[in-house]
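The values are calculated or read from the model by the stated rules, or taken from the named source; none is laboratory data. Being a predicted model, the structure only gives us computed values, none of them experimental. All Cβ positions, glycine included, derive from the backbone under ideal geometry; neighbour counts span all protein chains shown. These accessible areas exclude ligands, DNA and RNA; they are computed on the full protein's heavy atoms, side chains included. Shrake-Rupley method; radii C 1.70, N 1.55, O 1.52, S 1.80 Å.
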Amino acid sequence: MKKTTVRNIAKHIRSALDTHKLSRQLVKRIRETKEYKTAKTVMIFYPKDFEMDFTELINDIDKNFCLPKMIKNELIPCCWT
C-alpha cells in the first residue's frame, strides 16, 4: 500500500473522532507523566487537519517548547517564544 493511501485512510479515521476532546485528555495524561514533569524542553508539533493538538502544553510556563522544522531533510528544532 502506498504511503499516500495510508495517510488518506488515517486522515479519514481521524476526521470521525472528536480530536478536540481526545487532545485535552492526552494533554492531561502527558502532564501526569514523570518524563514531562522533569523535562525542561519539550518538542511538540503544530497540528493540521484532524491531528491531535498538544499546543495547550505551551501554557506551561516552567517548560521550553520547540517545534520541528524540516530544512533539506534535516529536522531543526525551533524554539517557541
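Among rounded, prolate and oblate, which fits the chain when a ≥ b ≥ c are the square roots of the eigenvalues of its C-alpha gyration tensor, a/c under 1.5 means rounded, and a/b larger than b/c means prolate?
Cα axes put the chain in the oblate bin.
Sequence-distant or interchain residues sharing an amide H contact under 5 Å with Met43, placed H: which?
Cys66
Rank these by accessible area, largest first, 1.4 Å probe: Val42, Val6.
Val6, Val42
Could you work out what % of the accessible surface of the chain is carbon and sulfur, using a 1.4 angstrom probe and leaving DNA, RNA and ligands out of the count?
56 percent
Within the chain, how many Lys pairs that are eight or more residues apart, or on different chains, come under 18 Å at the alpha-carbon?
Lysine pairs meeting both conditions in the chain amount to 13.
Using Cα atoms only, what is the angle between the long axis of helix 19-32 and the major principal axis of the chain, expressed in degrees (0 to 90) to the nearest 10?
For 19-32 against the chain, the angle is about 40 degrees.
If DNA, RNA and ligands are ignored and the probe is 1.4 Å, what is the ranking of Met52, Met1, Met43 by accessible area, most exposed first?
Ranked from most to least accessible, the order is Met1, Met43, Met52.
Can you compute 3J(HN,Hα) from phi for each residue in region 41-56, using the Karplus curve 6.51 cos²θ - 1.76 cosθ + 1.60 with θ = phi - 60°, rounded to whole Hz and x for Gly and Pro?
Going residue by residue, I get 10, 10, 9, 10, 10, 8, x, 10, 6, 10, 7, 5, 10, 9, 5, 4 Hz, with x marking Gly and Pro.
Which angle between 0 and 90 degrees, to the nearest 10, do you get for helix 3-15 versus the longest principal axis of the chain when only C-alpha atoms count?
Between helix and principal axis, roughly 70 degrees.
Can you give the local net charge around Ala39? Use residues other than it whose beta-carbon is closer than 12 angstrom to its beta-carbon, Lys and Arg +1, Asp and Glu -1.
+2
Give me the 1.4 Å probe accessible area per residue for the chain, excluding ligands and nucleic acids, in Å².
84 Å²
Show that you can apply the helix-only estimate: for the chain, add -39,500 (n - 2.57) for every DSSP H stretch of four or more residues, divide by all residues, and state [θ] at 222 nm to the nearest 500.
Estimated from H runs of four or more residues: -12000 deg cm²/dmol.
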